[in-house]
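Below: the structure, in structure tokens.
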Number of protein chains: 2
Amino acid sequence: MAPQNVGILAMEIYFPPTCIQQDILENFDGASKGKYTIGLGQDCMAFCSEVEDVISMGLTAVTSLLEKYKIDPKQIGRMEVGSETVIDKSKSIKTFLMKIFEDCGNTDIEGVDSTNACYGGTAALFNCVNWVESSSWDGRYGLVVSTDSAVYAEGPARPTGGAGAVAMLIGPDAPIAFESKFRASHMSHAYDFYKPDLASEYPVVDGKLSQTCYLMALDSCYTGYCQKYEKLQGKQFSMADADYFVFHSPYNKLVQKSFARLVFDDVARNASSVDESAKEKLGPFTSLKGDESYQSRDLEKASQQVAKPDYDKKVQPGTLVPKQLGNMYTASLYAAFASLIHNKTSSLDGKRVMMFSYGSGLTATMFSLHLTEGKAPFSLSNIAKVMNIEHKLKSRTEFEPEKFVELMHVMEHRYGGKDYETSKDTSHLAPGTYYLTHVDSKYRRYYAKKEAAVANGH
Amino acid sequence: MAPQNVGILAMEIYFPPTCIQQDILENFDGASKGKYTIGLGQDCMAFCSEVEDVISMGLTAVTSLLEKYKIDPKQIGRMEVGSETVIDKSKSIKTFLMKIFEDCGNTDIEGVDSTNACYGGTAALFNCVNWVESSSWDGRYGLVVSTDSAVYAEGPARPTGGAGAVAMLIGPDAPIAFESKFRASHMSHAYDFYKPDLASEYPVVDGKLSQTCYLMALDSCYTGYCQKYEKLQGKQFSMADADYFVFHSPYNKLVQKSFARLVFDDVARNASSVDESAKEKLGPFTSLKGDESYQSRDLEKASQQVAKPDYDKKVQPGTLVPKQLGNMYTASLYAAFASLIHNKTSSLDGKRVMMFSYGSGLTATMFSLHLTEGKAPFSLSNIAKVMNIEHKLKSRTEFEPEKFVELMHVMEHRYGGKDYETSKDTSHLAPGTYYLTHVDSKYRRYYAKKEAAVANGH
């Protein structure tokens, strides 16, 4: 029989234990009060210190997942990585992660890296799910790793950085199952955010265009999703049919705008679930033409006001980690989803979660997940326990802005470089964390793992 | 009912019409006579002139495929690109190709870029096939594009360059169907060929290590393939069970060595199909330990001699395009396969073709295809006709070495650059070919299409 309810069986999240508070950075940068905390909606920003990078974070997330869910590395048949942090233009991050599996005698693991800005993790996830449903599936698990480090040049974009990695185990009978028939994508050629300066770690960003592209893609995907749902189910779909909404989260303010936009979309298409009050407040804006409606401050304000009660209920539970870490690019959507599981664990059984993935350039998909509690170790409550988000957030070290800026200078200098040793300072890292020790004269990178402290000095 | 015989329905190949003969380059470089032509086994090398790149080649291959097989762009539901030629570290090549589909009102096309050296095209292909077999398939076609430009710094690696793009249409009831259950991969962490110097187009290569990695991966994949076949079919698999062997082809000499290696593998595992003469000649080498056997010149020579008759029959028909174009990285294996279809069109019905894909870093898979003539337009003979390989090879312009070196200097200078115009010289290009016109001050790239000449001056 074909595998049923294919989806996410288990998750682990890792992020650097080094961070800076956004209100402190705001003050240090001489920005107006609230520019980062309210304007962007961000609380704190994670970043890699000079001993961590996307490869070490991936190694940490994968080994932790395998250990905590007691998965034999030989049981993995496919591994896909999503990332837009390029350390090598040819050798995939996946091949670095193979070290874990080779050491256990398993080299028969399909999959490479999927790349397009923040969307690579979603592409990797779809690929793994499809593999399980395909005739080439050999009965083993899939593994998806989203890992990114977002850093920006000094200036207004800098506070939109972040870093983190999410690992997901894929297989049938999952507590987090894909509703694969309901899925719509919007893909298009755009220059909203890109990285054409190969020698620099920093992207070229047109912030205003990127926000419009994001919202246009959201509209297009939502329209497509509703059409497919209605065609297959024979009834109208509206936001009332979903319990939670999780968005790619470059910064929280955009998440607020996105949800409000969907509320407006339901009014514009005259969905039967829309109440009179919403119609009254947003109806007048439905005559705005596409571009005008993306620029209208009045619409933005009115729709956010109408959306507020539902936002608090359906979106806010999935905002914790992105607000605390910043943009994790490919890991961002899945860190938001992890927040939802963390916050609502026990009450998610039977719920539908809408997911919106966006990657500049541009690629976007809206899809939905059906959640059931599941059985340990593959249960929502065990996933929440393993991820242990609250503990990880509390165990971080806050940097002073001077030290953060100094670190950014070191990293700029090292980017793409060779023949250097890192400090090997692992004092901030939890046991079990991988770290970069040195890069040799041929650019080869070497990593070590911080061992667990042995009790009683043995 | 689940879709059957999913695979490649149609193919198109595009390569730059600019090339240099290897014997001329050999002479110009002051290399010993036969170093490139016999030592590497290469005849000619294709390269992009300053108006072509991996994006323009992808645009050309895709539009040509859609036109020649009369595929409505709205019928494409997924498009995946394999490439290791990084023009932008975030924005995928796939998004550039979306322009073709957006213009026809189709933006709902899943897929991004798959990346790991020369293996990305295979990853993209597997992803597309799996999609058709998954529950998320919506009945439309998949499209896979492998596009690469291989250039090397002046020195011994320079003659191993090449350039080209292959586009493949994916769907059920294909004349080129996947035997998805018989497939084995070997993935491992290696530094044989990589591109860590982000500011340079050229890779870092350890040629000797790369060859050993390739052969070790080949051994491992072949062992795995045989085991899976035997487990599922209940009988031994040997080379006698396959009609053709197609290899990733960085240079022809490695293809010769690879096939000979498989012949040796069959002797070493005492396959029942191996004849006495082969046993006698290669048996003595089976006591060599792994590493010794990769380094032994005597084994190489003896196995190539034993393999020769089968090489001519089962491998040589798939060597034309790679020998004429050089290494096309991700497109290389599929250009080799295209050569087989070109050379053996009418006789391929019912044949099994073994495929070996290798990407440094490293990722490798051996898989097999089952061929049937099929019905036009999706028939082997129509595919051969559309690809029109002989005509394309004959229509090329040969460069003198001085002019080639001059061009390489221009390209080195422009790599990763902005704010320049190309010559827009399309005199070498066939009508319908896309070309790069300029890159603006924000690194945005602009392309145009050479229109077909209008008859009678109208």
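5 Å is the cut-off here: which amide hydrogens, built 1.01 Å from N in the peptide plane, fall below it relative to B:Phe193, excluding neighbours closer than 5 in sequence?
Result for B:Phe193 returns B:Asp206, B:Gly361.
Decide, for the stretch B:1-153, between rounded, prolate and oblate: order the square roots of the alpha carbon gyration tensor eigenvalues as a ≥ b ≥ c, take rounded if a/c falls under 1.5, and otherwise choose prolate if a/b is larger than b/c, else oblate.
prolate
Shape verdict for the stretch A:97-249, please, from the Cα gyration tensor: rounded (a/c under 1.5), prolate (a/b greater than b/c) or oblate.
Oblate, because a/c is 1.5 or more while a/b does not exceed b/c.
Identify, among A:Gly142, A:Ile20, A:Phe404, the residue whose Cα sits farthest towards the positive end of the charge dipole of the stretch A:7-457, taking +1 on the Cβ of Lys and Arg and -1 on the Cβ of Asp and Glu, with the dipole about the Cα centre.
A:Gly142
Buried accessible area between A and B (1.4 Å probe, both chains summed, ligands and nucleic acids excluded), in Å² to the nearest 100?
5900 Å²
Which lysines does A:Lys308 reach when only Cα atoms under 18 Å apart count, and residues fewer than 8 places away in its own chain are ignored?
A:Lys253, A:Lys257, A:Lys279, A:Lys281, A:Lys323
What value does the stretch B:1-84 have for Rg/Rh, both radii from Cα atoms and Rh as Kirkwood defines it?
Radius of gyration relative to Kirkwood radius: 1.15.
Can you show me the helix-derived [θ] at 222 nm for the protein assembly as shown, built from DSSP H runs with n ≥ 4 at -39,500 (n - 2.57) apiece and divided by the number of residues, rounded to the nearest 500.
About -11000 deg cm²/dmol.
At what distance in nm do the modelled label points of B:Arg269 and A:Thr397 sit from each other, each positioned 7 Å from its Cα along Cα→Cβ?
Between B:Arg269 and A:Thr397, the label points sit 5.2 nm apart.
Assign one of three labels to chain A, namely rounded, prolate or oblate, based on the Cα gyration tensor with a ≥ b ≥ c the square roots of its eigenvalues; rounded applies when a/c is under 1.5, prolate when it is not and a/b is larger than b/c, and oblate otherwise.
oblate
Using a 7 Å offset from Cα along Cα-Cβ at B:Asp103, what residues in the stretch B:46-63 end up with backbone N under 11 Å from the label point?
In the stretch B:46-63, the label zone of B:Asp103 (backbone N under 11 Å from the point 7 Å along Cα→Cβ) covers B:60, B:63.
I'd like the distance between the alpha-carbon centres of the stretch B:217-249 and the stretch B:118-169, rounded to an integer number of Å.
23 Å
If one takes the longest principal axis of the Cα atoms in chain A, at what angle in degrees, from 0 to 90 and to the nearest 10, does the Cα axis of helix A:332-344 lie?
Helix A:332-344 and the main axis of chain A meet at about 80 degrees.
Suppose we flag GluC sites (Glu not before Pro) only when DSSP calls them loop and at most 15 other Cβ atoms lie within 10 Å. Which is the longest uninterrupted stretch of chain B?
My reading of the result: B:155-450 is the longest stretch.
To the nearest 0.05, what FRET efficiency results for A:His413 and A:Lys442 with a Förster distance of 25 Å applied to their C-beta separation?
My answer for the efficiency is 0.80.
Just in the stretch A:18-120: which trypsin sites (Lys or Arg not before Pro) are loop by DSSP and have at most 14 other Cβ atoms within 10 Å?
A:Lys33, A:Lys70
Of the accessible area of the stretch A:38-92, with the probe set at 1.4 angstrom, what percent is carbon plus sulfur?
Heavy-atom surface of the stretch A:38-92 belonging to carbon and sulfur, 1.4 Å probe: 56 percent.
In Å, what Rg and Dmax follow from the Cα atoms of the protein assembly as shown?
For the protein assembly as shown, the Cα-based Rg and Dmax read 27.2, 93 Å.
Between copies, how close do the B:Lys385 label points come, placed 7 Å along Cα→Cβ, listed in nm from shortest?
6.6
Which angle between 0 and 90 degrees, to the nearest 10, do you get for helix B:252-268 versus the longest principal axis of chain B when only C-alpha atoms count?
30 degrees
Quick one: of the DSSP bridges fully inside chain A, what percent are antiparallel, nearest 5?
Within chain A, antiparallel bridges account for around 75 percent of the total.
From the label point of B:Lys281, set 7 Å along Cα to the beta carbon, how far off in nm is each other copy's matching point, shortest first?
Shortest to longest, the spacings are 8.4 nm.
Run the quick spin-label model on B:Glu421 and B:Met1: label points 7 Å from Cα toward the beta carbon, then report their separation in nm to one decimal.
Going from the B:Glu421 label point to the B:Met1 one covers 6.0 nm.
Comparing the chain by itself with all protein chains present, which residues of the stretch A:73-91 are at least 20 Å² less accessible (probe 1.4 Å)?
Residues losing area: A:Arg78, A:Val86, A:Ile87, A:Asp88, A:Lys89, A:Ser90, A:Lys91.
What are the label-to-label distances in nm, one decimal and shortest first, from A:Gly432 to the same spot in the other copies, with labels 7 Å along Cα to Cβ?
5.8
For the stretch A:65-91 and the stretch B:382-453, write down the distance between their C-alpha centroids in whole Å.
38 Å
With every protein chain present, what is the per residue accessible area of the protein assembly as shown (1.4 Å probe, Å²)?
Dividing the accessible area of the protein assembly as shown by its residue count gives 36 Å².
From other protein chains only, count the Cβ atoms within 10 Å of every residue's Cβ in A:96-108, then give the mean.
Across the residues of A:96-108, the mean count of other-chain Cβ atoms within 10 Å is 4.
Compute the distance in nm between two label points, each set 7 Å from the Cα along the Cα-to-Cβ direction, one at B:Ala430 and one at A:Thr286.
Placing both labels 7 Å along Cα→Cβ, they lie 5.3 nm apart.
Mind listing, in residue-number order, the residues in the stretch A:183-230 that have at least 50 Å² less accessible area with every protein chain present than in their own chain alone (1.4 Å probe)?
Residues of the stretch A:183-230 that lose at least 50 Å² of accessible area once the other chains are added: A:Ser185, A:Met187, A:His189, A:Tyr191, A:Tyr194, A:Lys195, A:Pro196, A:Leu198.
Principal axes first, then extents: for the Cα atoms of the stretch B:270-327, list largest minus smallest coordinate on each axis, whole Å, largest first.
38, 26, 16
For A:Lys313, go through the aspartates and glutamates and keep the ones whose alpha-carbon is under 13 Å away, minus same-chain ones fewer than eight residues off.
A:Lys313 reaches A:Asp243.
List the lysines whose Cα sits under 27 Å from the Cα of A:Lys424, skipping any in the same chain fewer than 8 residues away.
Here the lysines satisfying the reach criterion relative to A:Lys424 are A:Lys68, A:Lys89, A:Lys91, A:Lys94, A:Lys99, A:Lys392, A:Lys394, A:Lys403, A:Lys442, A:Lys449, A:Lys450, B:Lys195.
Run the numbers for A:Ala157 and A:Ser381: contour at 0.36 nm per residue of separation, minus the present Cα-Cα distance, in nm.
77.0 nm
Of A:Leu232, A:Leu380, B:Leu288, which has the most accessible area and how do the rest follow, probe 1.4 Å?
Accessible-area ranking of A:Leu232, A:Leu380, B:Leu288, largest first: A:Leu232, B:Leu288, A:Leu380.
Going through the stretch A:187-254, which trypsin sites (Lys or Arg not before Pro) have at most 13 other Cβ atoms within 10 Å and a DSSP loop state?
A:Lys235
On a 0 to 90 degree scale, rounded to 10, what angle separates helix A:297-310 from the longest Cα axis of chain A?
80 degrees
The values are calculated or read from the model by the stated rules, or taken from the named source; none is laboratory data. Keep in mind that this is a model prediction, so the values were computed, not measured. Heads up, the Cβs are rebuilt from the backbone with ideal geometry, glycines too, and the neighbour counts pull from every protein chain shown. To get the accessible areas, we keep the full protein, side chains included, count just its heavy atoms, and leave off ligands, DNA and RNA. Shrake-Rupley method; radii C 1.70, N 1.55, O 1.52, S 1.80 Å.
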